[in-house]
Amino acid sequence: MKITKAVFPAAGFGTRFLPATKSIPKEMLPVVDKPLIQYCVEEAKASGLTEIIFVTGRGKRAIEDYFDTSVELETILKKKDQKEILRLVSNISEDLQYVYTRQKKPLGLGHAIWCAKNIIGGEPFAVFLSDDIIDSKVPVMKQMLRVFGKHPSTILAVQKVPGKKTHMYGIIKGKKVGPGTYRVMDVVEKPKKNPPSNLAIIGRYILAPEIFGAIENTMPDGHGEIQLTDAIKILLKTQDVYACEFSGERFDAGDKTGFLRANISFALKKPEIRDELRRFMKKLVS
Ligand code: UTP
């Protein structure tokens, strides 16, 4: 069973980055020189996925424009012989097929994924949350697809988090079945106390198509949102779910500190700015 489709929910309001996100989608905020969402699209491509499905909402046109071919820009860059920049700009849309669908109201992550139901049909698919950008040798989705190869079912990406942060995540109760692989027995959304483990669900999923039925049976939470974790809990009643503890450094770029950390970390990898940035930071803390 080959997975080719990846859903990118991008219809949230991005309130933590207001006022910037009043007119710029959060997913388009740049980490150094690339929008957050491009890091994830590149991860999807490097993992062998070919169809990118964006679930967008009001004010998200910038995402569609970004992944479209810009004929005028490419013509100008060709004329100016700016080959390297041309390569960067045209690579964005190469080899991938982009599909767009809308979530009319931000009714939660579960609902956003459900909006892709007709495009997905009856096959398993990947989900990427652009808030989480992960720097890893092997793309995280590729690591998850390996687990899927052994256990063709729903796979959650998980990472150990400090005990004092478990209340911020969906946490799994799992039984280790192999290196970095867990059979999921239960999931608890943002446990206030007694978390079942410190393995937190991070923004990458491989979902069985039965998730759509589970979402339809999920009640909205106290904020009127349909949460994916609640739908996974329903799925668990009838299907196996596994978790992949991935290797890589993850940045929660949906949070201001995480976003700044990602910028610094990725900038320090760029030879053309690394030294100057290091000098600047040294001066700041001295
Ligand atoms: P978040 O929980 O980070 O929400 O969504 P948000 O609106 O993007 O940001 P804050 O918390 O208000 O600052 C996680 C992912 O799910 C998508 C978001 O676009 C983001 O990629 N999402 C969330 C939707 O597509 N629709 C929703 O109704 C909610």
Projected area of the range 172-238, taken from the Cα convex hull and averaged over every viewing direction, in nm²? 5.3
Linear extension gain, LYS104 paired with LEU88, 0.36 nm per residue minus alpha-carbon span: 2.5 nm
Length added when fully stretched, LYS192-LYS117, from 0.36 nm per residue minus Cα-Cα: 23.8 nm
Percent antiparallel among DSSP beta bridges confined to the chain, rounded to 5, stands at 60
Sorted by average packing, counted as other Cβ atoms within 10 angstrom per residue and highest first, what order do 102-114, 155-167 take? 102-114, 155-167
For the range 167-281, using Cα atoms only, the Rg and Dmax in Å read 18.2, 56
May I ask for the Kirkwood hydrodynamic radius of the chain, worked out over all distinct Cα pairs and given in angstroms to one decimal? 19.9
On the protein heavy atoms, probe 1.4 angstrom, tell me the percent of accessible surface of the chain carried by carbon and sulfur. 54
Debye intensity ratio in log₁₀ form over the Cα atoms of the range 1-65, taken at each q of 0.14, 0.17, 0.18, 0.22 Å⁻¹: -0.43, -0.61, -0.68, -0.93
Compute, for ILE119, the solvent-accessible surface of its heavy atoms (probe 1.4 Å) with the complete set of protein chains present, and express it in square angstrom to the nearest 10. 50
Mean accessible surface per residue for the range 26-111, computed with a 1.4 Å probe while every protein chain stays in place, in Å²: 55
Rg/Rg_ref, the range 73-199, where Rg_ref = 2.2 N^0.38 Å and atoms are Cα: 1.41
Averaged per residue, the 1.4 Å probe accessible area of the range 236-286, protein heavy atoms only, in Å², is roughly 69
What are the ³J(HN,Hα) values, in whole Hz, obtained from phi via the Karplus relation 6.51 cos²θ - 1.76 cosθ + 1.60 with θ = phi - 60°, for each residue of the range 208-223 in sequence order, with x given for Gly and Pro? 6, x, 5, 4, 5, x, 5, 5, 4, 9, 8, 7, x, 7, x, 9
Taking ARG204, ARG278 and ranking on accessible area (1.4 Å, protein atoms only), highest first, one gets ARG278, ARG204
Which of these, THR50, THR15, THR101, has the largest mean-square fluctuation under a Gaussian network model of the chain (Cα springs below 10 Å)? THR15
Which three lengths, in whole Å and largest first, does the range 219-286 cover when its Cα atoms are put on their principal axes? 55, 29, 20
Per residue, how much accessible area does the range 130-220 have with a 1.4 Å probe, in Å²? 48
Projected onto their principal axes, the Cα atoms of the range 77-146 stretch, largest extent first, over whole-Å spans of 46, 32, 24
Scaled to the compact-protein estimate 2.2 N^0.38 Å, what is the alpha-carbon radius of gyration of the range 1-130, rounded to two decimal places? 1.10
Expressed as an acute angle from 0 to 90° and rounded to the nearest 10, what is the orientation of the C-alpha long axis of helix 271-285 relative to the principal long axis of the chain? 80
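The values are calculated or read from the model by the stated rules, or taken from the named source; none is laboratory data. In this text, all values refer to a predicted model and were calculated from it rather than measured experimentally. Don't worry about glycine lacking a Cβ; one is built from the backbone with ideal geometry, like all the others, and counts go over all protein chains shown. Each accessible area value is taken on the protein alone, full model and side chains, heavy atoms only, with ligands, DNA and RNA left out. Shrake-Rupley method; radii C 1.70, N 1.55, O 1.52, S 1.80 Å.
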